[in-house]
Each structure stands twice: as C-alpha cells, then as structure tokens.
C-alpha cells in the first residue's frame, strides 16, 4: 500500500461508533434562542439540525468531550466485536479538549478501563481524524495489531448563549449555525476483521505556507485574558473560495495514489463545513457515479468527529469490493487530507 510516497503495512477499519448529545436542535430553536433567522440559515447554510452538549437556554454543560468520546469508543468496540482489553493503543483528535491536562485521550482511556497502553492526543481541526488514522497506520506497521481512533469536538467554550446577533460580527455569528457537538470512533486492525474496510491510500499534507488562516480558534487563560478577544472566527469567504477546488485536487490525488479511476468509485465522503458548501463541493468534484455519504445537514459541523460520522454511515452501506473516497480540507491553516477505502471480500465472507 503506497501513500504519501511510502509503503506501509495494511490498515483495516474493523468497526465504528458515534455519539451525539441530547435532542437535535433545529433552525427554529436557534432563531428563538439567538434571533438568527431560520429562513436565512435554511437558505445560506442548509443545515437543518445539530446537537449541543450544553443547554441552549442556560449554557450549562451537560455532556463533555470525554463523555461523547467514551460512548463513541464503546460503540465502535461493540461494532467490531473487539474486547477493549485487546486494544494496543488509543489516538484521539480534537480542537476542543475538556482541559489542557490531563488530556481528554487519557480521560477516555481511564473511563474505558484501559491501562498500560500508549495514548496520543492530536490537536487539529477537521483533518484530525485522518491524522489520527495516519498515526494508527504507523503504529500498526510497528507491530501493534488493534487500536482505537477517536475524534470529537464540543462548542460550549466558544458559543455564548447570552449573546445576541446584534453583538456579533459576521465571522462569529456564522459559528452559531454551523457547528454542533459530537464524537466518532473506529477500531483499526492489522487484519481484515469485523467490517474489514481496507485503507488503500491516505493523504495528509500541510498546504498553508504564506496563506492567511481561514479559521481561528483561540485559547486564553485567566491571567492574560484580553477583553474583547475573539475566541472563534471563520473567514467564510476564503473558505467558500478555496475549499471546493482543494477538495477536487484531493480527490484526484487519492484516485491516482490508489490506482483508481472515477468509474471505480462507489462512494464519496465530501468535506462537511455546511450542507450548502457540501453541495458545491460535490458539484465541483464531479464523480456522478459515486454515492454521496454526508451527515452535516443533520449533525452540523462536528469538527474532528465528522469523517468518523461519515465512516459510520459508510460501513452500513458498503459491500464487498466497493470503494470510497473521504475528502477533508482543514481551513485553519489549510491542510489537505483524505482516505481511499475498499471493502475486503474476506471480511464480508466471515460475517
């Protein structure tokens, strides 16, 4: 298997799981809470619902990132038929850890009853799930047999239920309708066990030299807190201008690396910033034979969880020999990422 210019040992997705907190919050509820027009959200964003780990009225945190990641990991292990004690490592990717220390990765390992295994936490945007799989691939190549990859994000620290649209500039306001909370997980293995979806190519490449960030998520402590400092902002115009073209380039690079043609493709998992943006991206990539696997219209942008939420939907539909591309663009400082996946015939025969 050749990816990013090197040959690696095979990596397989054995099982997946997800966690979305509470009941879905629709655009009418956001309109009532923040005065953000439901009609505007429908028209320009296209996302219908999202989930929050905090109370929309009071801001009280009801579900932490560790809560969501633990639940998703439990479900992934059950899906794969893997005993948690058989895991050799855990890798967790997030933009929004519960604390700086101890890491959310170690909190999740503790809750799962894991001990005496390597744990890693990757600080990343929505490309984090791919970065975590890249690290998992290296760990499998080094001799480990089974591991757990988790990705998730929560918004409680960055969305203030007491603000009103009149208080917010456009680059902050958009976040109240774009984002939701959630986590996804995958058990990975050296052999085609469980779902037996093989990783045929992986792309993870920083491509932001000299470019302005498309997204900024700040972090500030109590001592040097700067009044009025923006904690979360999106340059939506830059994202709108750049992401569709980057997604198309990623798609073609993955096809070339895997040795596939567009006609070989059965599924496409496109980037998931918003429903409207996803529609534009799919039109730009132009692989009409591939079935789209998207979730953003129902979940909102859940950051590091998104590729794993899509993967969870993919495994329910994928048959022996079918192929899929997952395309990810991180706009914070511009990372191109993606996966080429194929359902292994032996795994399906053993199910």
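Laboratory data are not the source of any read-out in this text; all were calculated from the coordinates shown. From a predicted model like this one, the values you see are computed outputs, not experimental measurements. Cβ placement follows ideal geometry from the backbone for every residue including glycine, while neighbour counts extend to all protein chains displayed.
Before moving on, here are some points about what is shown:
- Relative to the longest principal axis of the Cα atoms of the chain, helix 275-285 runs at roughly 40 degrees.
- Angle in degrees between helix 306-315 and the longest Cα principal axis of the chain, rounded to the nearest 10: 40
- Highest-MSF residue in the chain out of 207, 226, 104 [GNM, Cα springs under 10 Å]: 226
- Among 69, 126, 295, the ranking by other beta carbons within 10 Å of each residue's beta carbon, starting with the fewest, stands as 295, 126, 69.
- Exposure proxy order (Cβ contacts within 10 Å, fewest to most) of 162, 344: 162, 344
- For residue 280 and residue 256, a Förster radius of 22 Å and the Cβ-Cβ distance give a FRET efficiency of 0.40, rounded to the nearest 0.05.
- With both residues required to sit in the stretch 202-344, DSSP beta bridges show an antiparallel share near 75%.
- Residue of 152, 214, 196 that the Gaussian network model of the chain assigns the largest fluctuation, springs spanning Cα pairs under 10 Å: 214
- Helix 65-80 and the longest principal axis of the C-alpha atoms of the chain enclose an angle of approximately 30°.
- Here the simple spin-label model places points 7 Å from the Cα toward Cβ, and for residue 205 and residue 37 these points are separated by 4.2 nm.
- For the chain, a Kirkwood hydrodynamic radius built from all Cα pairs, placed in the Stokes-Einstein relation at 10 °C and 1.306 mPa s, yields a translational diffusion coefficient of 78 µm²/s.
- Euclidean distance of C-alpha centroids, the stretch 150-179 and the stretch 257-277, integer Å: 29
- Our helix-only sum for the chain, with -39,500 (n - 2.57) per DSSP H run of n ≥ 4 divided by its residues, gives a mean residue ellipticity at 222 nm of -9500 deg cm²/dmol.
- Relative exposure of 179, 89, judged by other C-beta atoms within 10 Å (fewest first): 89, 179
- Efficiency of FRET between residue 171 and residue 111 - r from beta-carbon atoms, R0 35 angstrom, step 0.05: 0.45
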